[in-house]
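Only one structure is covered here, and it is reproduced in the block below.
The values are calculated or read from the model by the stated rules, or taken from the named source; none is laboratory data. Predicted model only: the values in this text are computed from it and were never measured. Cβ placement follows ideal geometry from the backbone for every residue including glycine, while neighbour counts extend to all protein chains displayed. When the accessible area is computed, the model is the full protein with side chains, heavy atoms only, and any ligands, DNA or RNA have been set aside. Shrake-Rupley method; radii C 1.70, N 1.55, O 1.52, S 1.80 Å.
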Amino acid sequence: MGTATTAPTRVSATPAAEALIARLREKHGPLMFHQSGGCCDGSAPMCFALGEFIVGDSDVELGEIGGAPFYMSRAQFEYWQHTHLIIDAVPGNGGMFSLERPTGLRFLTRSRLIGDDERAAPPALEPQ
């Protein structure tokens, strides 16, 4: 019997990030994330109240963390398409516009390459 190949997930969260997401959801309601591609906040996952950040045709949804959709620009995804993003929460100041900023914690993106066993069936990404 052959081994089934599972489609890779594109994004996941550590327990620390899941706990921070739950705290933020209690205060702000439904949430969403967008992976910043640089500029004033560097390359950081930014957390917003759902709908506060407008996604468009140039963005793709990578998946969900803590029940919140996670987006990235299509151009940035071209560089990161072979990676799985792992969102963590660590001490520090979050991005200037990100909801976690006043908590003393910040979301941080770690990554790993998608393994050969996962690569056979990557999930399709559609514009949002």
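Give the residue that is nearest to ARG112 (Cα to Cα), with candidates limited to residues of the range 75-92 that are of a type in the set (A, V, I, L, M) and open to solvent by 40 Å² or more (accessible area, probe 1.4 Å). Per the criteria, the residue is ILE86.
Sub-7 Å Cβ pairs linking a first residue in the range 101-113 that is free of Cβ contacts under 8 Å to residues at least 24 places away in the same chain to a second residue that is open to solvent by 40 Å² or more (accessible area, probe 1.4 Å) and assigned to a strand (DSSP E or B), at least 6 apart or interchain, are GLY104/PRO91, ordered by first then second residue.
Restricting attention to the range 47-62, the residues that are without any contact (Cβ under 8 Å) to a residue 60 or more places away in the chain and either in contact with a Ser or Thr (Cβ under 9 Å, 6 or more places away or on another chain) or open to solvent by less than 40 Å² (accessible area, probe 1.4 Å) (or both) total 2.
Residues in the range 95-128 that are closer than 24 Å to GLY56 by Cα and at pLDDT below 90: 10 in all. Candidates in the range 10-32 are the residues that are part of a loop (DSSP other than H, G, I, E, B) and at pLDDT 95 or above; of these, the one that is farthest from the chain's Cα centre (by Cα) is GLY29. How many residues does the range 38-50 contain that are among the charged types (D, E, K, R) and either at pLDDT 90 or above or in contact with a strand residue (DSSP E or B) (Cβ under 8 Å, 6 or more places away or on another chain) (or both)? Final tally of qualifying residues: 0.
Please tell me if GLN35 is of a type in the set (S, T, N, Q) and either at pLDDT 95 or above or surrounded by fewer than 20 Cβ atoms within 10 Å (Cβ to Cβ) (or both). In short, no.
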